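Reviewing the structure listed below.
The values are calculated or read from the model by the stated rules, or taken from the named source; none is laboratory data. None of these values were measured; they are calculated from a predicted model. Note that each Cβ is placed from the backbone with ideal geometry, even for glycine, and that neighbours are counted across all protein chains shown. Keep in mind that these areas ignore ligands, DNA and RNA; they rest on the heavy atoms of the full protein, side chains included. Shrake-Rupley method; radii C 1.70, N 1.55, O 1.52, S 1.80 Å.
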Amino acid sequence: MQSIERLGTNLLFVFNKKLTAEEQRQFAGRSTGQKYEDAFAVRRLRPDLRVAPVLQFKKTLRAGDRDFSGEVTGTSPEFSEIRNFRPAQGRFILEKDIAEWRRVVVLGHDIAEKLFGSDPAIRREVKIGDERFLVVGVMEQKGSLHGTNYDELIFIPVTTAMRRFTGDDKLTYTILHVPDRGEMEVITKQVHSLIVQRHDGVDDIRIFNQGEFLIAMDRTLWTFRI
């Protein structure tokens with residue numbers, strides 16, 4: 001539980017929901033999943049929330065004769081604060097990187113070591129697929145949780161990810177930070193209603209409440225203690 005809370009608290013995760021075969025027929029041509037503009041709509045609805053769009057895909061990084069195949073995360077500056085995950089060297093993604101589709105990358109601690117060894121990674125160049133990127137940051141060590149090694153993540157601006165790699169504005173998921181834990185349920189309903197409305201009435205998302213997950217885990221642990 002402490003490991004989960006180390007990655008941020010008061011969080012809501014908006015995932016794309018897989019539709020049943022019947023729903024796919026019913027909503028043919030209408031359900032497209034979350035898009036980048038949905039994140040802006042949530043910000044307009046609730047300016048008090050911090051919103052981080054996330055777009056993930058697999059790619060190979062190369063630096064000289066070394067390479068690493070892993071998951072690239074296109075996101076925004078809010079991700080670092082929301083997830084309580086900060087660079088140990090250099091910086092994270094900036095708003096200017098987003099606005100200008102810059103080819104900058106922030107490496108997880110383990111990836112920086114695998115690609116550059118004991119040499120500094122900042123201001124070095126790597127190739128992601130066929131695109132050249134400048135390393136501007138190396139993240140602090142975070143470890144693994146639920147099968148994800150946070151020291152092997154690769155971060156680039158979400159706009160760069162869409163423009164250079166995926167070619168569309170679809171998101172993998174969105175993270176929301178709620179300032180007041182007491183509002184989690186209300187905001188869940190508001191955000192769900194907003195996005196379904198934006199998706200032509202198709203209920204193609206599910207919102208995961210981190211707080212509810214922690215409560216459920218605590219009950220499970222207590223049962224095993226008994």
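I'm checking my understanding of the structure. Among residues of the range 59-81 that are touching a Phe, Trp or Tyr at 6+ places or on another chain (Cβ under 9 Å) and of a type in the set (Gly, Ala, Ser), which one is surrounded by the fewest Cβ atoms within 10 Å (Cβ to Cβ)? Result: Gly64.
Residue-level check: of (1) over 25 Å from Tyr173 (Cα atoms); (2) modelled with pLDDT of 95 or more; (3) of a type outside the set (Asp, Glu); (4) out of contact with any Asp or Glu (no Cβ under 8 Å at 6 or more places or on another chain), Ser118 misses just (2).
Taking the range 34-48 as the range and being open to solvent by 10 Å² or more (accessible area, probe 1.4 Å) and either farther than 17 Å from Leu171 by Cβ or part of a loop (DSSP other than H, G, I, E, B) (or both) as the test, the residues that pass are Arg46, Pro47, Asp48.
Only strands (runs of 3 or more DSSP E) whose full extent lies in the range 78-176 are considered here, and the ones with at least 3 residues that are touching a strand residue (DSSP E or B) at 6+ places or on another chain (Cβ under 8 Å) and under 23 Å from Leu49 (Cα atoms) are 154-157. Gln56 versus (1) outside any loop (DSSP other than H, G, I, E, B); (2) open to solvent by 10 Å² or more (accessible area, probe 1.4 Å); (3) over 29 Å from Leu19 (Cβ atoms): which is the lone unmet condition? Among (1) outside any loop (DSSP other than H, G, I, E, B); (2) open to solvent by 10 Å² or more (accessible area, probe 1.4 Å); (3) over 29 Å from Leu19 (Cβ atoms), Gln56 violates only (3).
From Val72, Val51, which residue is within 25 Å of Ser193 (Cα to Cα) and hydrophobic (A, V, I, L, M, F, W, C)? Only one candidate passes the filter, namely Val51.
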